[in-house]
Amino acid sequence: MKWEGERRSEHVEDRRGAPGIGGGRMPRVGGRGIGLGTIVIALLAGWIFGINPLTLLGLMGGGGAISGAPQVQQPAQAPPADDKAAAFVSTVLASTEDTWTGQFRAAGGAYRPPGLVLFRGSTRTACGMGQAAMGPFYCPADQKVYIDLGFFDTLGRRLGAPGDFAQAYVVAHEVGHHVQKQLGITDKVDGMRGRVSEVQMNALSVRMELQADCLAGVWAHHSQKAKAWLEPGDVEEGLNAASKIGDDTLQRQSERVVVPESFTHGTSEQRMRWFRQGLSSGSMARCNTFEAGQL
């Protein structure tokens, strides 16, 4: 990607220099304390199966909102100007802002960009305690994307998906969840929790995640049209990243039996297909995974 010199987003908050969160109270779910063993199980399951551990902690604790010790509001700090990794993420985020502002305006709406928080190790969020082991995630409660940049090393070395466009795809996927929040899709799906079975909820989660993949493709389509910044091999990097984090691939890597009923993000083939759908069409309307007969 020829990204250097492009506009950087002003909505990036750098918490990497903040003090650690050791010694604080355990996060609480539904009024009950969560033991360290529960947290470890949730983190491992999130890593292996691609499930947001914040959601898992809510299920394990009997439902309800996740809360931690009272948050101390610190002034937002921008990343250093000479931090190349942070500059890259800021540039990709700025591009998503341009794309989605234009798409919402064309549809008669207004886009409100998400914040993006860089952290190291752990950080507090409106959805509970964020951990680096979760990988990047979006918190709809505060409408922010959270990323420990160390994940990109894991993405390239452990998961076999190197490259700057693979990283850009990850950021764009999380921003896709913000687009879903803006459109009211997130709240509708969350409203089904407790009203349908776990298997049915997993199926809805798959459609949510595949739609976010498609929206990441829509961003890639329009950002390339505006900037012509993709280079040979970039699209393949994005598709490879989508493939490496499919539920079936992650379950095989963990030496477990593949259990489709437990999928929450979709298979590798599905994730590539829907990313490609958004990339080729550039159309939000073509990302309606909820009405698709075949994923």
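Treat every Asp and Glu Cβ in the stretch 130-192 as -1 and every Lys and Arg Cβ as +1, leave all other atoms uncharged, and give the resulting dipole magnitude about the Cα centre to the nearest 20 debye.
Details: 5 positive and 7 negative charges, 21 e Å.
About 100 debye.
Provide the net charge surrounding GLU209, with neighbours chosen by a C-beta distance below 10 Å and charges set as Lys +1, Arg +1, Asp -1, Glu -1.
On the way: positive: ARG207, ARG271; negative: ASP213, ASP247.
Here the charged neighbours net out to 0.
Quick check on the stretch 168-295: take the gyration tensor over C-alpha atoms, sort the square-rooted eigenvalues as a ≥ b ≥ c, and tell me if it's rounded (a/c under 1.5), prolate or oblate.
Oblate, since a/c reaches 1.5 and b/c is not below a/b.
Test of understanding: express the Cα radius of gyration of the stretch 193-250 as a ratio to 2.2 N^0.38 Å, with N the residue count.
Taking the Cα Rg and dividing by 2.2 N^0.38 Å, one obtains 1.49.
Name the residue farthest towards the positive end of the dipole of the stretch 185-252 from the options GLY194, GLY233, HIS221, assuming +1 on Cβ of Lys and Arg, -1 on Cβ of Asp and Glu, about the Cα centre.
GLY194
Give me the percent relative contact order of the stretch 132-254, please, defined on Cα pairs under 8 angstrom at least 6 residues apart.
31 percent
If only Cα atoms are counted, what is the Rg of the stretch 242-295, and what is its Dmax, in Å?
Cα only, the stretch 242-295: 12.5, 38 Å (Rg, Dmax).
Need one number: the % of Cα-Cα pairs in the stretch 141-221 sitting beyond the 17 Å mark.
Looking at the stretch 141-221, the distances longer than 17 Å represent 55 percent of pairs.
Laboratory data are not the source of any read-out in this text; all were calculated from the coordinates shown. Quick caveat, the model's predicted, so the values are computed rather than measured. Positions of Cβ are backbone-derived with ideal geometry, glycine not excepted, and every protein chain shown enters the neighbour counts.
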